[in-house]
Amino acid sequence: MRILGRHILPNSINPTIVQLTLDAGYVVLTVAGLSFIGLGAQPPSHEWGFMVAEGSGNILTQWWWSTFPGMAICVLVVGFNLVGDFLRDVLDPRLRGAGG
């Protein structure tokens, strides 16, 4: 128990936190994809994937219906990935002494 508490758990918490932030982007893409094909929440609730699917029929005349929800999905996923990358750089003990 001493080895587990002193060595294994402290070294496994940081990669777990980083993996959770990176997986959050995949969750957003999965939910948006499922709602795009009609398997997400039902129409009284609004989801970005459903908004993209709803606007895809009018893309030539009303492009903003699907463009802005698609951009929001993209910004959120890239944001989660950047946070995960930042946390990896901050929490990785091998990079602390590298000086950069």
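The values are calculated or read from the model by the stated rules, or taken from the named source; none is laboratory data. Being a predicted model, the structure only gives us computed values, none of them experimental. Cβ placement follows ideal geometry from the backbone for every residue including glycine, while neighbour counts extend to all protein chains displayed. For the accessible areas, the whole protein counts, side chains as well, though only heavy atoms, and no ligand, DNA or RNA atoms are used. Shrake-Rupley method; radii C 1.70, N 1.55, O 1.52, S 1.80 Å.
Remarks
- Meets criteria (assigned to a helix (DSSP H, G or I), among the β-branched types (Val, Ile, Thr) and open to solvent by 60 Å² or more (accessible area, probe 1.4 Å)) for Val27: yes
- Filtering region 1-14 to residues that are assigned to a helix (DSSP H, G or I) and either over 30 Å from Ile73 (Cβ atoms) or touching a residue at least 12 places away in the same chain (Cβ under 8 Å) (or both) leaves Arg2, Ile3, Leu4, Gly5, Arg6, His7, Ile8, Leu9, Pro10, Asn11, Ser12, Asn14.
- Some residue of region 33-48 being among the acidic types (Asp, Glu) and in a helix (DSSP H, G or I): no
- Filtering region 64-85 to residues that are closer than 21 Å to Ser12 by Cβ and among the small types (Gly, Ala, Ser) leaves only Gly84.
- Criterion (surrounded by 10 or more Cβ atoms within 10 Å (Cβ to Cβ) and in contact (Cβ under 8 Å) with a residue 40 or more places away in the chain) met by exactly one of Val52, Val18: Val18
- Across region 30-47, the qualifying residues are those that are of a type in the set (Gly, Ala, Ser) and touching a helix residue (DSSP H, G or I) at 6+ places or on another chain (Cβ under 7 Å), and the one among them that is surrounded by the most Cβ atoms within 10 Å (Cβ to Cβ) is Ala32.
- The listed residue being under 16 Å from the mean Cα position of the chain (by Cα), at pLDDT below 90, open to solvent by 50 Å² or more (accessible area, probe 1.4 Å) and within 26 Å of Ser12 (Cβ to Cβ), out of Arg88, Arg96: Arg88
- Close contacts from region 21-45, counting a first residue that is modelled with pLDDT under 95 and a second that is surrounded by fewer than 16 Cβ atoms within 10 Å (Cβ to Cβ), with Cβ to Cβ under 6 Å and a gap of 6+ residues or different chains, come to Thr21/Val83; Gly25/Asn81; Gly40/Leu34.
- Count of region 57-77 residues which are at pLDDT 90 or above and either part of a loop (DSSP other than H, G, I, E, B) or touching a helix residue (DSSP H, G or I) at 6+ places or on another chain (Cβ under 7 Å) (or both): 11
- Residue selected from region 55-81 under the condition within 16 Å of Val28 (Cβ to Cβ) and of a type in the set (Phe, Trp, Tyr), by the criterion least open to solvent (accessible area, probe 1.4 Å): Phe80
- Among all positions in region 78-88, there is at least one residue which is β-branched (Val, Ile, Thr) and part of a helix (DSSP H, G or I).
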